[in-house]
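A.B. asks: Would you mind keeping the following structure in view while I ask a few things?
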Amino acid sequence: MSNYTEVSTFIIVGFPGLQLEYFHMVAWFLFILYVTIVTGNLVLVVMFALEHSLQKPMYIIMVSLALSDIGFTTVALPKLIARYWWNDASIGFYTCHFQRHMIHYFGSLNSLIMLTMSVDRYLAVSFPLRYPMLMTAPTMTILTVFSWLVAHIFPGVTSINFIQISFCGSNQIIQAFCETLSLAALACGDKRYLSMASYATAMFILLVPLIFVISSYFCIIISNDLTVICCSPQGRRKTLSTCATQGCIISIYYIPRFFTYSAPHIPNMKMTPDSQIATTFFYSFFPPLINPFVYCLRTKEIKAILSRWVQRLQVFQPKSSKTATVPKVK
């Protein structure tokens, strides 16, 4: 017979070393971060819905990434904000499992979106004349919907494993949200199979798309067809600059994840709880924060649309001011 007590609720600890007097300051920071991420990505979604000129394959990918970032941030941050704002750290057993599934779902989805984005850029750069036929808006829509559906498979495999185990003893999750590594540490009995299965799934999700992403950008850089569309040094620099910018975002997304998941399996590689949470926080929320600027606001079409919207707002200002003018009494 086991003396363990079955866990019914979990406690989100967050940063273990954070002092109580800094809780409200951190809560405000997280709240501002959440509003900024959601607003920045929502602007792109609204713009895509209102402007028919943006309904092209490249912008379909961007909107898909924006919706994924909004979903991930909405799943992860509100509970963490409540933890530091009202000291509400408890989360229900099934709510925690749902959050874990959705956290890894949006992570898998982002990985597939980046894979699709790299393939789209490779076709556009290497086959510029055939690109309009190879990648149409309906084709990109099908690929996007396929990514949103397939992304459930990877966290679903881990969810099946978690259903078959029980949790006992400590219920404190040393992390900013419920995720596989922190929950696996609270499982009863032998955790090696669960840990290795989760690690193998995570590496498959990360490495397979990453290999295709790196290969596509490598082909773009060395492709002989690059000279066809980049006959001038300025054109080549622009293409390489775009690849370099996207490469930096991809590096931020993949490399810290790899070290975080690999640290428990690499000898002499230890991460403190605070450093592990900080690394997770960085690769989870920094890309959604800058994605609207990197992928969207740098494009000429979106700049032109924003400029047109601003001009429309300025047109109404003088009218309102004239209406508000009070005539002088003689």
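A.B. asks: Of the candidates M203, M114, M269, which one comes out as most mobile in a Gaussian network treatment of the chain with C-alpha springs shorter than 10 Å?
C.D. replies: The residue that fluctuates most here is M269.
A.B. asks: Compute the long axis of helix 233-262 from its Cα atoms, compare it with the longest principal axis of the Cα atoms of the chain, and write down the angle in degrees, 0 to 90, nearest 10.
C.D. replies: It works out to around 10 degrees.
A.B. asks: While we're on this one: To the nearest 10 square angstrom, how much accessible area does M271 have with a 1.4 angstrom probe?
C.D. replies: Per-residue accessible area (M271): approximately 60 Å².
A.B. asks: Between segment 53-67 and segment 101-135, what's the alpha-carbon centroid distance in Å?
C.D. replies: Using only Cα atoms, the two centres lie 11 Å from each other.
A.B. asks: Convert each backbone phi in segment 72-78 into a coupling constant with the Karplus relation 6.51 cos²θ - 1.76 cosθ + 1.60 (shift: θ = phi - 60°), then list the ³J(HN,Hα) values in order as whole Hz, x for Gly and Pro.
C.D. replies: Along segment 72-78, the couplings run 4, 5, 5, 6, 8, 7, x Hz.
A.B. asks: Who wins for biggest fluctuation among I81, I252, I142 in a Gaussian network model of the chain, springs between alpha carbons below 10 Å?
C.D. replies: Its mean-square fluctuation being the largest, the pick is I142.
A.B. asks: Now a separate question. Rounded to the nearest whole Å², what accessible area per residue is found for segment 9-301 with the 1.4 Å probe?
C.D. replies: That works out to 48 Å² for each residue.
A.B. asks: If you project the alpha carbons of segment 49-205 onto the principal axes, what extent comes out on each, in Å, largest first?
C.D. replies: Rounded to whole Å, the extents work out to 62, 37, 19 Å.
A.B. asks: Arrange the residues E6, E179, E301 by how much accessible surface each exposes, largest first, with a 1.4 angstrom probe.
C.D. replies: E6, E301, E179
A.B. asks: Within the chain, what is the number of lysine pairs with alpha carbons under 26 Å apart, leaving out pairs fewer than eight places apart on the same chain?
C.D. replies: 10
A.B. asks: Which three semi-axes in whole Å describe the equivalent ellipsoid of segment 1-135, each the square root of 5 times a Cα gyration tensor eigenvalue, listed largest first?
C.D. replies: Whole-Å semi-axes of the equivalent ellipsoid: 39, 20, 12.
A.B. asks: Starting from the coordinates of the alpha-carbon atoms of segment 54-100, obtain the Kirkwood hydrodynamic radius over all distinct pairs and give the value in Å to one decimal.
C.D. replies: 12.6
A.B. asks: To the nearest 10 square angstrom, how much accessible area does L149 have with a 1.4 angstrom probe?
C.D. replies: 120
A.B. asks: Take the solvent-accessible surface of the protein heavy atoms, probe 1.4 Å, and return the percent of it on the chain that carbon and sulfur atoms account for.
C.D. replies: 69
A.B. asks: Only helical DSSP H runs with n ≥ 4 go in: add -39500 (n - 2.57) per run for the chain, normalise by residue count and round the 222 nm mean residue ellipticity to 500 deg cm²/dmol.
C.D. replies: It comes out at -24000 deg cm²/dmol, rounded to the nearest 500.
A.B. asks: As a test of reading the structure, rank L181, L207, L80 by solvent-accessible area (1.4 Å probe, protein chains only), most first.
C.D. replies: Largest to smallest exposure gives the sequence L207, L181, L80.
A.B. asks: Kindly give Rg over Rh for segment 9-301, based on alpha-carbon atoms, with the Kirkwood expression for the hydrodynamic radius.
C.D. replies: In segment 9-301, Rg relative to Rh is 1.00.
A.B. asks: Now a separate question. Which order do S284, S90 take by accessible area at a 1.4 Å probe, largest first?
C.D. replies: S90, S284
A.B. asks: How much accessible area does L67 have with a 1.4 Å probe, in Å² rounded to the nearest 10?
C.D. replies: The accessible area comes out at roughly 80 Å².
The values are calculated or read from the model by the stated rules, or taken from the named source; none is laboratory data. Since the structure is predicted, the reported quantities are computational estimates derived from the model, not experimental observations. With ligands, DNA and RNA removed, areas are computed over all heavy atoms of the protein, side chains included. Shrake-Rupley method; radii C 1.70, N 1.55, O 1.52, S 1.80 Å.
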